[in-house]
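Here is the structure we will look at.
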Amino acid sequence: MQGISQQTFLLAGQSNATGQGDKLASNSLYHSRNAFEYDVILDSIKGLQDPSGQKWKDLEPANSGSILPAFAFSLTQKTKKPVVVITAARGGSSCHQKAELSNYGTWDQSGNLFQQAQEKVNAALKITKSNLSGIIWMQGERDANAINDGIMNAENYKQALVSLISRFSKEFGENIPFFIIQTGYQSGRPKFGNDQVRAMQTLVSKEMPQVFIAYDKTSQFMEQNWMKDHVHYNQTGLNEIGIEVSNFVSTVLH
């Protein structure tokens with residue numbers, strides 16, 4: 001399954017990016033024979049189904065369901081092209097080093113997560129013989145909590161996000177689209193930190209080329225009963241994100 005006609009995407013971030021939903025409600029509703037995943041353990045491309053991802057180095061697989069079946073199914077329906085996804089996510093990981101907790105890792109230059117994502121994507125691209133079509137970023141809760149706790153501020157998050165995007169652009173091309181799924185709220189925690197992260201995500205999308213807010217409605221998930229627990233989205237919410245992000249991606253890339 002090689003060639004320039006396919007589209008290849010990286011999904012990166014923290015636990016909502018790994019996916020904490022229900023594989024039965026993602027695989028049964030959204031299955032496409034044109035949706036594939038890179039398996040870093042097998043070093044091969046295989047059919048996509050949840051739980052997507054693999055336990056490899058510091059990166060984690062979905063804890064059952066993710067956004068990916070809905071995303072890939074919807075995108076293949078729109079573009080009529082195969083979709084290959086690569087996952088690189090770690091629950092609890094931070095964007096800024098100041099927000100890093102214990103061994104959860106950080107996407108900051110001081111951590112290992114970016115390098116591991118880079119290694120995994122490059123291995124996948126050797127097999128697909130294609131370029132990376134876009135990066136989907138789903139992260140921010142850890143930094144929001146650090147802002148609430150006074151460990152860092154919104155400007156720190158912005159600087160870390162800009163640095164991360166710049167590193168991805170340097171590695172995979174300056175025109176690589178970076179699609180942000182905005183951070184939602186966490187029950188039992190102040191909304192302030194999450195609002196600060198959301199504001200910086202919006203600001204970065206306005207200031208940097210090829211950076212987009214692909215989905216901004218996660219702040220409504222608690223009211224819609226689309227939360228699995230205090231911080232994680234359930235499969236209904238994950239499916240909604242997958243479909244809407246595919247809609248947005250298709251308008252940017254075509």
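The values are calculated or read from the model by the stated rules, or taken from the named source; none is laboratory data. A quick note: this is a predicted structure, and the numbers were derived from the prediction, not measured. Virtual Cβ from ideal backbone geometry, glycine too; neighbours counted across all protein chains shown. The accessibility values were calculated without ligands, DNA or RNA, using every heavy atom of the protein model including side chains. Shrake-Rupley method; radii C 1.70, N 1.55, O 1.52, S 1.80 Å.
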Of a type in the set (A, V, I, L, M, F, W, C), over 22 Å from Ala88 (Cα atoms), in a loop (DSSP other than H, G, I, E, B) and more than 17 Å from the chain's Cα centre (by Cα), is that true of Ile147?
-> no
Return the only residue of Lys98, Lys120 being in a helix (DSSP H, G or I) and out of contact with any helix residue (DSSP H, G or I) (no Cβ under 9 Å at 6 or more places or on another chain).
-> Lys120
Name the residue, out of Asp143, Asp149, that is acidic (Asp, Glu) and either at positive phi or open to solvent by 40 Å² or more (accessible area, probe 1.4 Å) (or both).
-> Asp149
Does Leu203 qualify as being under 28 Å from His96 (Cα atoms), modelled with pLDDT of 95 or more and within 14 Å of the chain's Cα centre (by Cα)?
-> no
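Residue-wise test of (1) hydroxyl-bearing (Ser, Thr, Tyr); (2) out of contact with any helix residue (DSSP H, G or I) (no Cβ under 9 Å at 6 or more places or on another chain).
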site	(1), (2)
Asn145	no, no
Ile151	no, no
Tyr157	yes, no
Ser163	yes, yes
Ser169	yes, yes
Gln186	no, no
Thr106 passes all but one of (1) more than 20 Å from Gly134 (Cα to Cα); (2) of a type in the set (Val, Ile, Thr); (3) open to solvent by 10 Å² or more (accessible area, probe 1.4 Å); which number fails?
-> (3)
Note on region 112-140: residues open to solvent by 10 Å² or more (accessible area, probe 1.4 Å) and among the basic types (Lys, Arg) are Lys126, Lys129
Could you tell me which of the residues Gly134, Gly105 is over 14 Å from Phe172 (Cβ atoms) and touching a residue at least 24 places away in the same chain (Cβ under 8 Å)?
-> Gly105
Here is a list of conditions, (1) in contact (Cβ under 8 Å) with a residue 60 or more places away in the chain; (2) in contact with a Leu (Cβ under 8 Å, 6 or more places away or on another chain); (3) crowded, with 20+ Cβ neighbours inside 10 Å, and Thr18 meets all of them except one; can you say which number that is?
-> (2)
For Gln6, are the conditions met, namely being at pLDDT below 95, surrounded by fewer than 24 Cβ atoms within 10 Å (Cβ to Cβ) and within 21 Å of Gly134 (Cα to Cα)?
-> yes
Under the condition of being touching a Ser or Thr at 6+ places or on another chain (Cβ under 8 Å) and in a helix (DSSP H, G or I), which residue from region 161-213 is surrounded by the most Cβ atoms within 10 Å (Cβ to Cβ)?
-> Val197
Scope region 1-48; condition polar (S, T, N, Q), in contact with a helix residue (DSSP H, G or I) (Cβ under 9 Å, 6 or more places away or on another chain) and under 19 Å from Met138 (Cβ atoms); matching residues = Gln7, Thr8, Gln14, Ser15, Asn16, Gln20, Ser26
For region 71-95, name all the residues that are in contact with a helix residue (DSSP H, G or I) (Cβ under 8 Å, 6 or more places away or on another chain), part of a helix (DSSP H, G or I) and β-branched (Val, Ile, Thr).
-> Thr79
Quick one: how many residues across region 32-74 are surrounded by 24 or more Cβ atoms within 10 Å (Cβ to Cβ), farther than 19 Å from Gln116 by Cβ and without any contact (Cβ under 8 Å) to a residue 40 or more places away in the chain?
-> 2
Look at Gln77 and say whether it is among the polar types (S, T, N, Q), under 29 Å from Asp229 (Cα atoms), out of contact with any strand residue (DSSP E or B) (no Cβ under 6 Å at 6 or more places or on another chain) and surrounded by fewer than 24 Cβ atoms within 10 Å (Cβ to Cβ).
-> no
